[in-house]
1. Within region 336-376, work out how many residues are at pLDDT 90 or above and either of a type in the set (A, V, I, L, M) or part of a helix (DSSP H, G or I) (or both).
2. Quickly run through region 258-275 and pick out the residues that are surrounded by fewer than 19 Cβ atoms within 10 Å (Cβ to Cβ) and on the phi < 0 side of the Ramachandran plot.
3. So, in region 6-19, of the ones that are surrounded by fewer than 18 Cβ atoms within 10 Å (Cβ to Cβ) and among the small types (G, A, S), which residue ends up modelled with the highest pLDDT?
4. Output the residues belonging to region 127-149 that are modelled with pLDDT of 70 or more, in contact with a helix residue (DSSP H, G or I) (Cβ under 9 Å, 6 or more places away or on another chain) and part of a helix (DSSP H, G or I).
5. Can you tell me how many residues within region 98-126 are β-branched (V, I, T), assigned to a helix (DSSP H, G or I) and in contact (Cβ under 8 Å) with a residue 12 or more places away in the chain?
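The values are calculated or read from the model by the stated rules, or taken from the named source; none is laboratory data. Given the structure is predicted, the values throughout are model-derived calculations rather than measurements. Please note: Cβ atoms are built from the backbone with ideal geometry, for glycine as well, and neighbour counts cover all protein chains shown.
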Amino acid sequence: MSKRPRRNHSPAFKAKVALAAVKGEKTLAELAQEYEVHPNLINQWRSKLLEGAADVFGAVPAASEPAVDITVLHAKIGELTLANDFFGRCAREGRSVAERKAMIDRDHELPLTHQAQQLEISRGSIYYLPRPVSSADLAIMRRIDELHLLYPFAGSRMLRDLLRQEDVSIGRRHVATLMKRMGLEAIYRRPNTSKPATGHKIYPYLLRKLAVTRPNQVWATDITYVPMARGFVYLVAIVDWFTRRVLAWRVSISMDVAFCIEALEEALARYGKPTIFNSDQGSQFTSAAFTAVLHREKIAISMDGKGCWRDNVFVERLWRSVKYEDVYLNAYTSVPEARASIGRYFAFYNSIRPHSALGTRTPDQVYFDQPLLAAA
């Protein structure tokens with residue numbers, strides 16, 4: 001069996017693909033098929049492009065390096081050797097093979113063979129690139145999303161059984177894999193065995209027994225999966241708790257923190273700031289970059305209990321509405337089409353759609369304290 005040659009992509013090619021990802025008009029699956037590159041690589045190149053963008057507008061020139069003392073240099077080498085051994089063990093211990101494979105940096109000067117050796121994973125496995133999500137899996141993912149809205153407590157076993165009742169032949173592990181890809185998790189009370197991401201602080205839930213009586217007292221946010229005809233995208237929304245009004249939203253082809261911060265900054269710029277901001281414990285919302293914006297504005301941070309859907313119930317109801325009244329009725333064929341359709345729906349949701357919880361008024365009427373049109 002002949003050995004498959006390793007593909008070396010030019011910097012120009014990487015920049016082209018990364019720019020297409022930043023533009024966000026195609027899903028990762030579509031970009032991967034168009035450029036014949038794995039979605040994980042596209043995400044890596046996109047992140048590097050965004051991280052290095054500031055340097056284009058004037059990086060500070062490096063100062064001339066002073067003479068190096070050989071004794072100090074030897075001591076530094078010893079320290080780095082110990083540090084390398086320490087971080088190598090930390091990387092290997094307590095991490096799954098998939099997590100260690102995700103740490104591989106194909107653009108690093110350290111050869112891939114050595115990286116695999118340090119992470120104790122098969123050298124051959126890092127050259128294997130999984131196939132894009134199949135059309136059959138996309139159809140199952142859409143159905144899983146619908147079932148999750150109906151039965152948020154259903155885990156992979158129950159979803160497997162529900163799908164089998166519909167003559168879908170699938171195993172529990174396959175369901176669990178698709179749920180992980182979609183960012184879904186069964187919602188129920190359980191012991192808090194999960195730990196936050198390294199360096200991420202988890203804040204207490206501040207809304208228990210709190211009377212929310214006015215607009216801009218509490219804002220809430222969440223991310224949801226949005227199926228498309230080919231691939232999928234993620235949607236984040238900032239919602240005013242009292243009026244149910246969608247203050248800002250963003251669609252992204254990946255679950256990074258940047259599009260969440262963009263939505264938050266837009267809401268703050270257009271509507272001022274709330275007293276309390278509530279979210280779940282997702283890594284996007286616990287990240288230092290996201291919480292720094294809230295600290296800057298001196299906003300109290302509240303986070304749901306792990307697996308407690310009622311702690312953010314109004315955003316969960318928003319997802320049910322937008323999916324049943326727009327997403328599932330329109331098989332979006334492109335990311336721009338998804339953005340346009342979701343934008344039209346939120347305009348309808350805010351200004352036209354009556355809400356029984358608001359006395360048949362719209363979120364706009366309550367948020368801006370407008371009288372009912374019938375009373376005019």
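1. Adding up the residues that qualify gives 22.
2. Once the filter is applied, which keeps residues that are surrounded by fewer than 19 Cβ atoms within 10 Å (Cβ to Cβ) and on the phi < 0 side of the Ramachandran plot, region 258-275 yields A258, I261, E262, E265, E266, A269, R270, Y271, K273, T275.
3. A15
4. D137, L138, I140, M141, R142, R143, I144, D145, E146, L147, H148, L149
5. Number of matching residues: 1.
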